[in-house]
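Below is one structure, written out as structure tokens; the observations come after it.
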Amino acid sequence: MFLTLITTLRAAIYPTQSELVSNIATPIGGYLQAWGAQLPTLSAIVWGITVIYGGMAIGRCGIRYSIYPAYTVIGIPIFGIIATGIMASHQMLLAAAALLTIVLATKYMLRYIMQTESYGDLSLAMLYFGLLPAIYAPTTILYVILPIAMLFIKAHWRDWLTATTSLLFPLFALCYWSWCAGDGFLTPAFQAYYATFTSSGFEVLSIASMAGFGIMMLVVVMIVASLSVMVSDKYALNGRARVAMLFNAIMILLMGATFIAPSASIISLALLAVSTSSLIPLMFIKLQHGFTRLVYRLLMLMTLINTIILIFL
């Protein structure tokens, strides 16, 4: 928590050029950008609270739904490090809204997979996923890929139909609102489409200071190690937990793909933190403590060094 507050304060007071890159306006994101510009202090507070809540929520899912073979809360600090330790968007209200949306979507999806198999939980999860592109443009990819991904998560036509309908409902609601306001029915859809392919000026390599690059490489190592445990040991997880980890792996790929969209910004890093921090605890449970302890200490050290570098950059 202390590290989250420090990195949030650093991003608010000493933002880097990459953090200052403006996000492309979307049907909802445009309003959040305007409000955030008028209330910068409140936006920073909301961002800090959202990161803390997001980490607690994802960490609690692992325990409450028994996703891992043993209880662990290591996902909470991992979440904070990835979401804020490298960089954080200076448009913090928009970032907080996007992060909260994907945290709630992931929470309901994990509950659906691990506990209830309820259409209510599935519908809520997909409603939040469908709302995300209206906040952050690069996530429009979810409209295309998630219906396909659902076939790997639960290959049943009723689940697929529920998921796809719920995913598209927020876009339909925005279109209907636009039509009621006197604009074209498809105006929000076209706005989301063009926003996705509008360049924001953000460059992925600009976030890679030496320490920042070290953090990202350590995160990649932890992701690969966690996936290796899942693939190599069929007894590492039960059937439902294996599906939950497959969902996390798919979301890591999707959120990683948002970095290559022309409209990408540093917000993609915060969104990537959700699924990554839900997957990585598997490594800490299954691999030798000497290795995992070394990796975690290096991660904390790199985060501290990166924060100091960004302050005096």
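Here are some notes:
- Pairs linking a residue in segment 1-30 that is closer than 20 Å to E203 by Cα and among the aromatic types (F, W, Y) to a residue that is crowded, with 18+ Cβ neighbours inside 10 Å and at pLDDT 75 or above, with Cβ atoms under 8 Å and 6 or more positions apart or on different chains, are Y14/L310.
- Of the residues making up segment 126-153, those that are surrounded by 19 or more Cβ atoms within 10 Å (Cβ to Cβ), in contact with a Leu (Cβ under 8 Å, 6 or more places away or on another chain) and aliphatic (A, V, I, L, M) number 8.
- Contacts under 9 angstrom Cβ, first residue in segment 230-257 being free of Cβ contacts under 8 Å to residues at least 24 places away in the same chain and more than 15 Å from Y68 (Cβ to Cβ), partner part of a helix (DSSP H, G or I) and of a type in the set (D, E, K, R), 6 or more apart: K234/R242
- Count - residues of segment 16-32 that are part of a loop (DSSP other than H, G, I, E, B) and surrounded by 16 or more Cβ atoms within 10 Å (Cβ to Cβ): 10
- Filter pass, G201 being at positive phi and either in contact (Cβ under 8 Å) with a residue 12 or more places away in the chain or surrounded by 21 or more Cβ atoms within 10 Å (Cβ to Cβ) (or both): yes
- Flag for A195 being buried (at least 23 other Cβ atoms within 10 Å of the Cβ), more than 18 Å from the chain's Cα centre (by Cα) and in contact (Cβ under 8 Å) with a residue 40 or more places away in the chain: yes
- Number of positions in segment 57-73 that are aliphatic (A, V, I, L, M) and more than 18 Å from L272 (Cβ to Cβ): 4
- Segment 66-125: number of residues that are in a loop (DSSP other than H, G, I, E, B) and either within 14 Å of A163 (Cβ to Cβ) or aliphatic (A, V, I, L, M) (or both): 9
- Against the list (1) surrounded by 15 or more Cβ atoms within 10 Å (Cβ to Cβ); (2) part of a helix (DSSP H, G or I), the condition W35 fails is (1).
- Among (1) within 30 Å of L299 (Cβ to Cβ); (2) not in a helix (DSSP H, G or I), the one test that A155 misses: (1)
- Taken over segment 154-192, the criterion of being under 27 Å from the mean Cα position of the chain (by Cα), surrounded by 18 or more Cβ atoms within 10 Å (Cβ to Cβ) and of a type in the set (G, A, S) is satisfied by A163, S166, A189, A192.
- Among residues that are within 27 Å of T26 (Cα to Cα) and touching a Gly at 6+ places or on another chain (Cβ under 8 Å), G80 is included.
- Scanning segment 38-49 for residues that are within 23 Å of A195 (Cβ to Cβ) and surrounded by 22 or more Cβ atoms within 10 Å (Cβ to Cβ) gives S43, W47.
- Qualifying residue in segment 68-78 (condition: hydrophobic (A, V, I, L, M, F, W, C), out of contact with any Pro (no Cβ under 7 Å at 6 or more places or on another chain) and surrounded by fewer than 21 Cβ atoms within 10 Å (Cβ to Cβ)): yes
- Test for L161: is it in a helix (DSSP H, G or I) and over 30 Å from I311 (Cα atoms): yes
- In summary, helices (runs of 4 or more DSSP H) completely within segment 242-313 and bearing 2 or more residues that are within 23 Å of A96 (Cβ to Cβ) occur at 267-279, 289-311.
The values are calculated or read from the model by the stated rules, or taken from the named source; none is laboratory data. These figures come from a predicted structure and were not determined experimentally. Positions of Cβ are generated from backbone atoms using ideal geometry, with glycine treated the same way; all protein chains shown enter the neighbour counts.
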